[in-house]
Amino acid sequence: MSWTISPAVDELIKKALAMDGLTVEEAEHLLTLDLCSREVYALMEAAAKMTRLTFGNKGERHYHIGLNVEQCRFDCRFCSLTPSAGIFTEPVEFSREQVLTWARDAEAKGADALNIMTTGTYGFQKLLECGRYLKAAVSVPLVANTRDISHKEGEALLEAGFVGCYHAVRLGEGRDTPFKPEARRHTVQVFRDLGLKWMNCVEPVGPEHQKREIAELMVFAREQGATYSGVMRRINFPGSPMEPHGMINEREMARMVAVSRLVMGDVPRAHCTHEPNTAALLAGANLFFPECGSSPRDLQADSAKGRGSDLDRCARILDEMGLDPLLPSNCFGPEARLHAPGPCPSDLYAPLRS
Ligand code: SF4
């Protein structure tokens, strides 16, 4: 049986495999292909190949720890931690002892990073304090996930022990959130200026988003040197203002993960998706976020008791797909490609190596 695909798509795949990245227009085109087509499966195959080639068999687990629950006054429309969502009426702040217990458990289970998330109004000094006590207690790299910051605040994060920040210019920024996209982009520049690693995801994707705006965020991540930049879909909690739009399914998300991987080329050190799923691992993802503490997608104050997947479950899924969660992380070492190419037949990689 022959396997032919459109010459135009074939050319884009070849360009991506040469690690040359894709333009916004090229990524947009790939995002509009028929989801059932051979072309889309070819995108996923190429993306998975790129990931095995650049990241080896490493499966990353970056443990999300949400420090607090409150009715965040910024009221982003996709977030469950808002007055509009009406889910949480009482603030919750997880104790230092609880956060340390989560962190030590994560270290014992081989987590590759701790992503410390706060709501948009959480005290910055308290985040710094958390960085200091975690830095003293565990050796897992610390990543902050908080509001826009200044250079001075970025320096303080570094001093407190953080090595990077998760920060997305989100889909619908300025429309579904009160934040200016320019301010979010400026914060990414702050990270670059200071040497804080920038962790990103194109998120929270819903069916209402234009392929163009999705493609633009993918290319922005490549241009700004994101340490990783995959795709996360929006989760509609019950009563979410976004419920009328529906949600994309994991199959659509896998296609987007693949296109994002083709765009990113040899810039990133991992490729993320959320929530954990196998389809994305067939399409170039190799990084999951297990979760505990607060989450903007959950109805439970502690996501470990709600939607969150734990470290063991994430490890099992990675293992089922031939990725090893216990190899050293590629995200924090001096070299981007620490591991040998993965387990697929080596002749597949020969043209890429030559
Ligand atoms: S996404 Fe962040 S800033 Fe927006 S409402 Fe939720 S916690 Fe607040």
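Residues to consider are ARG185, ARG170, ARG175; find the one that is assigned to a helix (DSSP H, G or I) and at pLDDT 95 or above. Steps first, please.
Details: ARG170 fails: assigned to a helix (DSSP H, G or I); ARG175 fails: assigned to a helix (DSSP H, G or I).
Residue meeting the stated conditions: ARG185.
Provide a single number: the residues in region 225-258 that are in a loop (DSSP other than H, G, I, E, B), closer than 30 Å to LEU194 by Cα and small (Gly, Ala, Ser). Quick ask: steps written out before the conclusion?
The first filter runs over region 225-258 and keeps only residues in a loop (DSSP other than H, G, I, E, B), leaving 225-227, 234-242, 246-249.
Next cut, closer than 30 Å to LEU194 by Cα only: 225-227.
With small (Gly, Ala, Ser) added as a condition, the list becomes 225-226.
Final tally of qualifying residues: 2.
Could you list, in sequence order, all residues of region 190-227 that are surrounded by fewer than 17 Cβ atoms within 10 Å (Cβ to Cβ) and in contact with an Asp or Glu (Cβ under 6 Å, 6 or more places away or on another chain)?
Correct list: LYS211, ARG212.
How do the pairs read when you match residues in region 73-97 that are free of Cβ contacts under 8 Å to residues at least 24 places away in the same chain with residues anywhere that are within 11 Å of the ligand (Cβ to nearest atom), using Cβ under 6 Å and keeping only pairs 6 or more apart or on different chains?
Pairs that qualify, where the first residue is free of Cβ contacts under 8 Å to residues at least 24 places away in the same chain and the partner is within 11 Å of the ligand (Cβ to nearest atom), are THR82/CYS72; THR82/ASP75; PRO83/GLN71; PRO91/GLU70.
May I ask you to list the residues in region 114-125 that are free of Cβ contacts under 8 Å to residues at least 60 places away in the same chain and within 16 Å of the ligand (Cβ to nearest atom)? Spell out how you get there, then give the answer.
Filtering region 114-125 for residues free of Cβ contacts under 8 Å to residues at least 60 places away in the same chain gives 114, 116, 118, 120-125.
The answer is ILE116, THR118, GLY120, THR121, TYR122, GLY123, PHE124.
Could you tell me whether ALA111 is outside any strand (DSSP E or B), more than 16 Å from the ligand (Cβ to nearest atom) and in contact (Cβ under 8 Å) with a residue 40 or more places away in the chain? Spell out the reasoning first.
Details: outside any strand (DSSP E or B): yes; more than 16 Å from the ligand (Cβ to nearest atom): yes; in contact (Cβ under 8 Å) with a residue 40 or more places away in the chain: yes.
Yes, satisfied.
Restricting the search to region 170-185, which residues are within 13 Å of the ligand (Cβ to nearest atom) and in contact (Cβ under 8 Å) with a residue 24 or more places away in the chain?
ARG170, LEU171, GLY172, ASP176, THR177, PRO178, PHE179, ALA183, ARG184 - these are the residues of region 170-185 that are within 13 Å of the ligand (Cβ to nearest atom) and in contact (Cβ under 8 Å) with a residue 24 or more places away in the chain.
List every residue pair whose Cβ atoms lie under 6 Å apart, where the two residues are 6 or more positions apart in sequence or sit on different chains, the first residue falls within region 283-300 and is farther than 15 Å from ASP112 by Cα and free of Cβ contacts under 8 Å to residues at least 60 places away in the same chain, and the second residue, located anywhere, is more than 13 Å from the ligand (Cβ to nearest atom) and among the small types (Gly, Ala, Ser).
Within 6 Å, the pairs are GLN300/GLY306.
Just one of the numbered conditions (1) basic (Lys, Arg); (2) under 27 Å from PRO276 (Cβ atoms); (3) surrounded by fewer than 23 Cβ atoms within 10 Å (Cβ to Cβ) is not true of ARG61; which one?
ARG61 satisfies every listed condition except (3).
Taking the residues in region 89-106 that are hydroxyl-bearing (Ser, Thr, Tyr) and away from the ligand (no atom under 16 Å from the Cβ) as candidates, determine which candidate is nearest to the chain's Cα centre (by Cα). Walk me through how you get there before you give the answer.
The initial filter retains those residues of region 89-106 that are hydroxyl-bearing (Ser, Thr, Tyr), namely 89, 95, 101.
Next, from what is left, pick out any that are away from the ligand (no atom under 16 Å from the Cβ): 95, 101.
Details: SER95: 26, THR101: 24 Å.
Ranking the candidates gives THR101 first.
Check LEU128, LEU142 and return the single one that is aliphatic (A, V, I, L, M), more than 16 Å from the ligand (Cβ to nearest atom), at pLDDT 95 or above and within 20 Å of the chain's Cα centre (by Cα). Show your work before the answer.
Values: LEU128 fails: within 20 Å of the chain's Cα centre (by Cα).
The conditions single out LEU142.
Among the residues of region 151-181, write down those that are surrounded by fewer than 21 Cβ atoms within 10 Å (Cβ to Cβ), in contact with a Leu (Cβ under 8 Å, 6 or more places away or on another chain) and β-branched (Val, Ile, Thr).
Passing the criteria: only VAL163.
Looking at (1) of a type outside the set (Gly, Ala, Ser); (2) away from the ligand (no atom under 13 Å from the Cβ); (3) surrounded by 15 or more Cβ atoms within 10 Å (Cβ to Cβ); (4) outside any strand (DSSP E or B), which is the one condition that is false for ASP148?
(2)
The conditions are (1) under 20 Å from ASP310 (Cβ atoms); (2) surrounded by 17 or more Cβ atoms within 10 Å (Cβ to Cβ), and GLU107 fails exactly one of them. Which is it?
The single condition GLU107 does not satisfy is (2).
For region 153-160, indicate whether the set of residues that are in contact (Cβ under 8 Å) with a residue 60 or more places away in the chain and over 15 Å from GLN224 (Cα atoms) is non-empty. Before the answer, list the steps.
Filtering region 153-160 down to residues in contact (Cβ under 8 Å) with a residue 60 or more places away in the chain leaves none.
Within region 153-160, not a single residue is in contact (Cβ under 8 Å) with a residue 60 or more places away in the chain and over 15 Å from GLN224 (Cα atoms).
Just to be sure I understand, how many residues within region 302-354 are hydrophobic (A, V, I, L, M, F, W, C) and modelled with pLDDT of 95 or more?
Narrowing region 302-354 to residues hydrophobic (A, V, I, L, M, F, W, C): 304, 311, 314-315, 317-318, 321, 323, 326-327, 331-332, 336, 338, 340, 344, 348, 350, 352.
Then keep just the ones that are modelled with pLDDT of 95 or more; that gives 304, 311, 314-315, 317-318, 321, 323, 326-327, 331-332.
Final tally of qualifying residues: 12.
The values are calculated or read from the model by the stated rules, or taken from the named source; none is laboratory data. These figures come from a predicted structure and were not determined experimentally. Cβ: placed from backbone, ideal geometry, glycine included. Neighbour counts: every protein chain shown.
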